[in-house]
Amino acid sequence: MGLESKLPEGILTTTLEKLINWSRSNSLYPVTFGLACCAIELMATGGSRFDIARFGSEAFRASPRQADLMIVSGRISNKMAPVVRRVYEQMAEPKWVIAMGDCASSGGMFNNYAIVQGADRIVPVDVYIPGCPPRPEAFLYGLMQLQKKIRQEKLRDRR
Amino acid sequence: MSQSHVAEIIREAFPDAILQEESFRDETTLLLRREDLVAVGRLLRDDPRLAFSMLKDCCGADYLTLGRRPRFAIVYQLYSLSHNRSLRLMVGVDEGETAPSVTGVWPNANWYEREVYDMFGIPFADHPDLRRILMPDDFAGHPLRKDFPLGNEPVDHGLPPRS
Amino acid sequence: MSSTQTSPVAIGQAETMILNMGPQHPSTHGVLRLILELDGERIVGVRPDIGYLHSGIEKTGENRTYRQVLPYTDRMDYASANTNNLGYVLAVEKLLGIEVPLRAQYIRVIMAELSRVASHLLAIGTAVMDLSGLIGVVLMYCFWEREKVLNLFEGVAGSRMTPSYFRIGGLVADLPEGWVEEARAFVQQFPRQLDDIEAIVTRNPIFLERTVGICRLSAEDAIAYGITGPTLRASGVRYDVRKAMPYSGYDRFDFEVPVGQNGDVYDRYVVRMAELRQSTRIIEQALNDLPDGPINAEERKIVLPPKDELDTSMEALIHHFKLVTEGFHPPVGQVFMSVESSKGELGYYLVSDGGPRPYRFRVRTPSFAAVQVLPLIIKGSMLADVVAAIGSLDLVMGEVDR
């Protein structure tokens, strides 16, 4: 069909957009950023049983400047909120945010003076994962949803 | 040696220090006069018959809604490793009053008293470093006071409004 | 100083640098912030800054009924949630003056010790990984074993990390079928896995170099600062709440309290490793002697009635309704109940005014005391030792800030 029939064997055609999105979605570098209980489940996801490396996200970077995925894993206190925002701003574009767990999604069971009622009050969130804490499988599913979202992105939307 | 013995030893040295003695579920609570707290604490720590060398916990309590006077209490949970015995001390502090610091007796009282100051707004005299500890420095109010609201936001459960 | 202003490179003059560590730092095990004052690589001053995970648990607890407070306790020391639950339910039971049946006590002990195993594995794994990338592979070994423990929790409660399996007056449900065998299988293979971990770490020259004699804490200082748990025992003080003030039937089990001598980072690791083996012993004994019988106290005004009775008994329905909507009313009084959590002594102080909610809900957490002692043990050591000290104290910030 069309161009492909003229090409020698072993050559694929695609759009640059698809190629970039494919590579971005399969090598998300999360920033090493743990807040509370969910961070332990996040570590378990990186551990031997669930093996986040299957999704290309095993390289947790301690510096936000080398990362493109922030996983808000736990409750954000009012004292921590400016720090979370600062970490987000230090990350280079393109960047994505996963709100892991109920507390990061909506404040969860901590509906009180100390806790920010959801990470979306301070950073734009792409994927929300319910659970208290979410199981590693749930987290991986959320990660796959994010990958799906990235693959549908248009390059002109990100400048 | 029984728990009432502890009170006797304190009374020997400080006849008027104990305002009230209370026992509930095998736990002894001594309500002390505020000005005697540091001296009694030193006795409790240093007297080999008592040897309450460890301050396990120190916290505040606000009795506003119970209408008790004085309004606040500071509660000290002491433990003696050598005698395997626990003791609870309490002192009352009213609004606008200053509590004595026991940092000189048990050094770890430092942070606990900072927490009491942070959460209840009770100032401590002679405290080496009285700052907020848990809340941000610019936070207004003292959360664990009973007149401080929980600060919860109304939750939308997604239910349709009743017609 | 004016002289340093005129000559920025003042040779022979002590100039210190302030280094901020955290709250976002991979090795602070959460959101601890340390403000370090450095003279070259040597630490001359430390100021910990906590509160970045303050969740208002004490305030929230005072606004919930006694039954509703329980899930909040899981989320303080989330690495060993069962011991937190245990301390809370025991405190309320002490306030109420009730005792739970023997079977419930045994199951509680099993769960608490499994929690200790999970928590110590996490502590050892992360601490070793922070110290050396080469032997950091131990983290994977530890997590592998930890997953088995979490599976057991999932079997009884449906949740891996925050089970809330205990209830005031007993347990939410009995053990499922086949659980005891599964637990026994885990306990039988666990010592062998521990041997593997020890083979990698315990005599490893890199590990020894980084831990022996580092960040020592003397027994006197530990007591004066209210340090408990493995950290206190590593300093040579044989104090364990399970032995000193036995609760939940711990006096029925035969186990030792391992202690160290030097109170350095290495001893804390060794004590934790030995405690893992002792916990295994306790679990084994409890599984073997697990008595039959009810799992809830016969207290209709406190424990929810069994579900099947709700269809047949009017009285059960009323009790259920009253308990869920209003809660129970404990007598007026105050109690302090402490348990040996994986980090140390965890104490709950409850004040009751006779109402359905705790009038004062206070938690004494071992990690709070441990953070306070941090400046004392890292002052004078090297910058790289800070990570070793934090790892060895096994801090969980959820517990520090509450």
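List, in order, the whole-Hz ³J(HN,Hα) value for each residue of segment C:372-381 obtained from phi through the Karplus relation with A = 6.51, B = -1.76, C = 1.60 and θ = phi - 60°; use x for Gly and Pro.
Taking θ as phi minus 60°, the curve returns 5, 8, 3, x, 4, 8, 9, 5, x, 9 Hz for segment C:372-381.
Per-residue mean of other chain beta-carbon atoms within 10 angstrom of the beta-carbon, peptide B:137-144? Let's see the in-between values first.
Working: counts 2, 0, 6, 0, 1, 0, 7, 7.
The per-residue average across the peptide is 3.
Across peptide A:69-80, what mean number of C-beta atoms from other chains lies inside 10 Å of a residue's C-beta?
Average neighbour count from other chains, rounded to a whole number: 5.
Given Cα pairs under 8 Å that are at least 6 residues apart, what percent is the relative contact order of chain B?
Relative contact order comes out at 17 percent.
Which of the peptides B:68-74, C:53-59 is most tightly packed, and how do the rest follow, going by the mean number of other Cβ atoms within 10 Å of each residue?
Descending packing order for the listed peptides: C:53-59, B:68-74.
Among C:Tyr225, C:Tyr165, C:Tyr106, which one shows the highest mean-square fluctuation when chain C is modelled as a Gaussian network with alpha-carbon springs under 10 Å?
C:Tyr225
To make sure I understand the rule: partners must be lysines, Cα under 19 Å from the Cα of C:Lys301, and not fewer than 8 residues away in the same chain. Which ones qualify?
Once the sequence-local lysines are set aside, what remains near C:Lys301 is C:Lys94, C:Lys322.
Top to bottom by accessible area (1.4 Å), largest first, where do C:Arg402, B:Arg145, C:Arg238 land?
Order by accessible area, largest first: C:Arg238, B:Arg145, C:Arg402.
Relative contact order (percent) for chain C, with alpha-carbon contacts under 8 angstrom and 6 or more residues of separation?
25
Once you've got the GNM for chain C with C-alpha springs shorter than 10 Å, pick whichever of C:Asn151, C:Asn84, C:Asn204 has the biggest mean-square fluctuation.
So, out of C:Asn151, C:Asn84, C:Asn204, the one fluctuating most is C:Asn204.
Rounded to the nearest 10 Å², what accessible area does B:His83 have for a 1.4 Å probe in the complete protein model?
Solvent-accessible area, nearest 10 Å²: 70 Å².
Under 15 Å from the Cα of B:Lys146, which aspartates and glutamates turn up, not counting those fewer than eight places away in the same chain?
B:Asp62, B:Asp94, B:Glu95, B:Asp118, C:Glu58, C:Glu62, C:Asp353
Mind checking which aspartates and glutamates have their Cα closer than 14 Å to the Cα of C:Lys307? Skip sequence neighbours fewer than 8 apart in that chain.
The qualifying aspartates and glutamates are C:Asp174, C:Glu315.
Segment B:7-85 to segment A:119-159: how many Å between their Cα centroids?
Taking the Cα centre of each part, segment B:7-85 and segment A:119-159 sit 53 Å apart.
Per-residue HN-Hα couplings for segment C:106-123, Karplus 6.51 cos²θ - 1.76 cosθ + 1.60 at θ = phi - 60°, whole Hz, x for Gly and Pro?
Those phi angles translate into 5, 5, 4, 5, 4, 5, 5, 6, 4, 4, 4, 4, 4, 5, 5, 4, 5, 5 Hz.
Using +1 at the C-beta of Lys and Arg and -1 at the C-beta of Asp and Glu, which of C:Gln334, C:His319, C:Phe368 has the Cα lying farthest in the positive direction of the dipole of segment C:314-368?
Projecting each Cα onto the dipole axis, the largest value belongs to C:Phe368.
Need one value for C:17-28: mean number of C-beta atoms belonging to other chains within 10 Å of its residues' C-beta atoms.
Working: counts 0, 0, 0, 0, 0, 1, 6, 14, 3, 8, 2, 1.
Counting other chains' Cβ atoms within 10 Å and averaging over C:17-28 gives 3.
Taking springs between alpha-carbon atoms closer than 10 angstrom, which of B:Thr29, B:Thr98, B:Thr65 fluctuates most in the Gaussian network model of chain B?
Among B:Thr29, B:Thr98, B:Thr65, the largest GNM mean-square fluctuation belongs to B:Thr65.
For C:Asn288 and A:Arg85, what is the calculated FRET efficiency with R₀ set at 41 Å and r taken between the beta-carbons, to the nearest 0.05?
Here the calculated transfer efficiency is 0.15.
Once phi is turned into θ = phi - 60°, what whole-Hz ³J(HN,Hα) does the Karplus curve with 6.51, -1.76 and 1.60 give for every residue of segment C:77-84, x standing for Gly and Pro?
9, 6, 6, 9, 5, 5, 5, 5
The values are calculated or read from the model by the stated rules, or taken from the named source; none is laboratory data. Note that the coordinates shown come from a computational prediction; the quantities given were computed from them, not determined experimentally. All Cβ positions, even for glycine, are placed from backbone atoms using ideal geometry, and neighbour counts span all protein chains on display. Surface accessibility is based on the protein's heavy atoms, side chains included, excluding ligands, DNA and RNA. Shrake-Rupley method; radii C 1.70, N 1.55, O 1.52, S 1.80 Å.
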